[in-house]
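> Before I ask anything, here is the structure I am working with.
The values are calculated or read from the model by the stated rules, or taken from the named source; none is laboratory data. Remember, it's a predicted structure, so these values are computed and weren't measured experimentally. No Cβ is skipped: glycine too gets one built from the backbone with ideal geometry, and neighbour counts run over all protein chains shown. The accessibility values were calculated without ligands, DNA or RNA, using every heavy atom of the protein model including side chains. Shrake-Rupley method; radii C 1.70, N 1.55, O 1.52, S 1.80 Å.
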Amino acid sequence: MINKTITAAIKKYTPEMIAFRRDLHAHPELPFEEVRTTQRIAEELDKIGIEYRLTEPTGVIAEIKGGKPGKTVALRADIDALPVLELNDSLEYKSTIEGKMHACGHDAHTAMLLTAAKALYEVREELAGNVRLIFQPAEEIAQGALAIIKQGAIENVDNVFGMHIWTTTPSGKVSCNVGGSFASADLLKVTFKGRGGHGSMPEATIDAAVVASAFVMNLQAIVSRETSSLDSAVVTIGKMDVGTRFNVIAENAVLDGTVRCFDIETRNRIEAAIRRYAEHTAAIYGATAQVDYIYGTLPVINEERSALLAQSVISQAFGEQALINERPTPGGEDFSFYIENIPGCFALLGTGNAEKDTQWAHHHGCFNIDEDTMATGAELHAQYAWSYLQQQEF
């Protein structure tokens, strides 16, 4: 199953991969602003000789055509950075743009997929099918996958694979579980309208602060009493905007939050419950409520045969000790839209190493990766594609 030519190519191209990642890290670009990043990817694809097309406003779709007929497998990497101030002052490749940083590893994802492309291009005549390369913008705002899918990213694709650098997992360990991997991530806004007035005369008012506070407390029962203990879910109100002055009773309250869960049925039940709780809580006090529930990402559910294939590749390429079973995370990933109707899976590549100070949380200003793990990520991309195409009965 493992192609030794691919292994040798990854080793050969590793120094170039690290240099490319550092270049992207020094020049981060926010979602749908990845103009330079897109240009750099295109330049590298031109050097290799791989056909590609640019997507709007940013991003790249490329394809390696195999020498034998067969299916098409897609490999995806996200390319955007975050509005985070980098605190890694000692890095020679620290972000050169104040307030912008690759604080989630997408620079590494891009470099690993390009390196996998180089290795696969060397064995293209032996490929029994085609490899689609998707360099996707705007993952951090959960809009890039849908945008690039609308532009044909997964047309005629039979299987999709992706991965994410993961700092809470030890360097060199890789996980690709069957089933739930990432949760859905939805946005929630609840607006309560009462009747304002002087703080000394509450009897003439409907206090939106009291309504909002009661709602937040009541909301906890949706998870603790209306969701099965076997179905994981999170309902969080992260922001409350209530009132204008110390002696003025608030007329309006606006609450912002998020909902995370691992299946659509649970998500639908929670949405319905939130609307019911908001309306009934408001009614108790004589106020009104408006709920705006915005669907974000779907849950990432790894298809069984795809995940088992990935596990087999990990064990054969890197040894049984490299394969671990990481718990699902309530974080969101718009990779979910690729596998909504197409089989595929998503892996987590460990890069946490306290000796190299790469154990910081994602989106933190001190985030960094153990670059020694990038060869593992690049080879996993390439070997998964190779193995999938070799098993045409899949």
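> So, with a 1.4 angstrom probe, what is the percent of accessible area on region 53-155 that is carbon and sulfur? Present the calculation step by step, with values, prior to reporting the outcome.
Values: 1820 of 3630 Å².
Reported share for carbon and sulfur atoms: 50 percent.
> I want the antiparallel fraction of DSSP beta bridges within the chain, as a percent rounded to 5. Could you put the intermediate results ahead of the total?
On the way: 46 of 70 bridges.
Here the antiparallel bridges make up roughly 65 percent for the chain.
> Over region 184-294, with every protein chain in place, what whole percent of the accessible area is carbon and sulfur at 1.4 Å, could you tell me? Mind dumping the intermediate values first?
Values: 3270 of 5950 Å².
Here it works out to 55 percent.
> Still on this model: Can you pull the accessible area of Lys71 for me, 1.4 Å probe, Å² to the nearest 10?
Counting only protein heavy atoms, the figure is 60 Å².
> Would you kindly state how much longer the chain becomes between Asn325 and Ala354 on full extension, computed as 0.36 nm times their sequence separation minus their alpha carbon distance, in nm to one decimal? Intermediate results must be reported in sequence, preceding the final value.
Details: separation 29, 0.36 × 29 = 10.44 nm, distance 2.08 nm.
Answer, rounded to one decimal: 8.4 nm.
> Next question. At 222 nm, what value in deg cm²/dmol follows for the chain if DSSP H runs of at least 4 each add -39500 (n - 2.57) and the sum is divided by all its residues, to the nearest 500? It would help to have the intermediate numbers written out before the result.
Working: 8 runs with 134 residues, N = 394.
Roughly -11500 deg cm²/dmol at 222 nm, from the helical runs in the chain.
> To the nearest 0.05, what FRET efficiency results for His280 and Asp231 with a Förster distance of 22 Å applied to their C-beta separation? Please list the in-between numbers first.
Working: r = 23 Å, r/R0 = 1.05.
Given R0 = 22 Å and the Cβ-Cβ separation, E is 0.45.
> Run the numbers for Leu187 and Leu91: contour at 0.36 nm per residue of separation, minus the present Cα-Cα distance, in nm. All intermediate terms of the calculation are to be shown ahead of the outcome.
Values: separation 96, 0.36 × 96 = 34.56 nm, distance 3.53 nm.
Answer, rounded to one decimal: 31.0 nm.
> Using only the Cα atoms of region 184-294, what are the Rg and Dmax in Å?
Cα-based Rg and Dmax for region 184-294 come out at 14.9, 48 Å.
> Assuming 0.36 nm per residue, please report the length gained on full extension of the stretch Arg195 to Ala361 beyond their Cα-Cα distance.
Working: separation 166, 0.36 × 166 = 59.76 nm, distance 4.30 nm.
So the chain would gain 55.5 nm between Arg195 and Ala361.
> How many Å² of accessible area per residue for the chain, probe 1.4 Å? Let's see the in-between values first.
Details: 16720 Å² over 394 residues.
Using a 1.4 Å probe on heavy atoms only, each residue of the chain averages 42 Å².
> Hey, another quick one. Looking at region 18-139, how many pairs of lysines come closer than 25 Å at the Cα, when each pair is eight or more places apart or spans two chains?
Working: Lys47/Lys65; Lys47/Lys68; Lys47/Lys118; Lys65/Lys118; Lys68/Lys118; Lys71/Lys118.
Number of lysine pairs found: 6.
> With every protein chain kept in the model, how would you rank Thr14, Thr168 by accessible area, 1.4 Å probe, largest at the top? Provide the component values of the computation, followed by the final result.
Values: Thr14 30, Thr168 105 Å².
Largest accessible area first, the residues go Thr168, Thr14.
> Compute the FRET efficiency between Glu56 and Arg245 as 1/(1 + (r/R0)^6), taking r as their Cβ-Cβ distance and R0 = 35 Å, and round to the nearest 0.05. Write down the numbers at each step before the final one.
Details: r = 47 Å, r/R0 = 1.34.
Approximately 0.15, to the nearest 0.05.
> Now for a separate question. Most fluctuating residue of Ser171, Ser184, Ser229 in a GNM of the chain with Cα springs under 10 Å: which is it?
So, out of Ser171, Ser184, Ser229, the one fluctuating most is Ser229.
> Something else now. If you place +1 on the Cβ of every Lys and Arg and -1 on the Cβ of every Asp and Glu, how big does the dipole about the Cα centre of the chain come out, in debye to the nearest 20? Let's see the in-between values first.
Numbers: 34 positive and 52 negative charges, 79 e Å.
In total the dipole reaches around 380 debye.
> Also: With +1 assigned to the C-beta of every Lys and Arg and -1 to the C-beta of every Asp and Glu, and no other charges, what is the dipole magnitude of region 184-294 about the Cα centre in debye, to the nearest 20? Before the final figure, lay out the partial values.
Working: 11 positive and 13 negative charges, 26 e Å.
My answer is approximately 120 debye.
> Please report how far the C-alpha centroid of region 333-394 lies from that of region 215-285, rounded to the nearest whole angstrom.
Their Cα centres are 34 Å away from one another.
> Let me ask something additional. Testing the spin-label approximation: label points 7 Å from Cα along Cα→Cβ at Thr288 and Val254. State their distance in nm.
Distance between the two pseudo-spin positions: 1.7 nm.
> For Ala42 and Lys65, FRET efficiency with R0 = 22 Å and r from the beta-carbon atoms, rounded to 0.05?
Working: r = 18 Å, r/R0 = 0.82.
Result of the calculation: an efficiency of 0.75.
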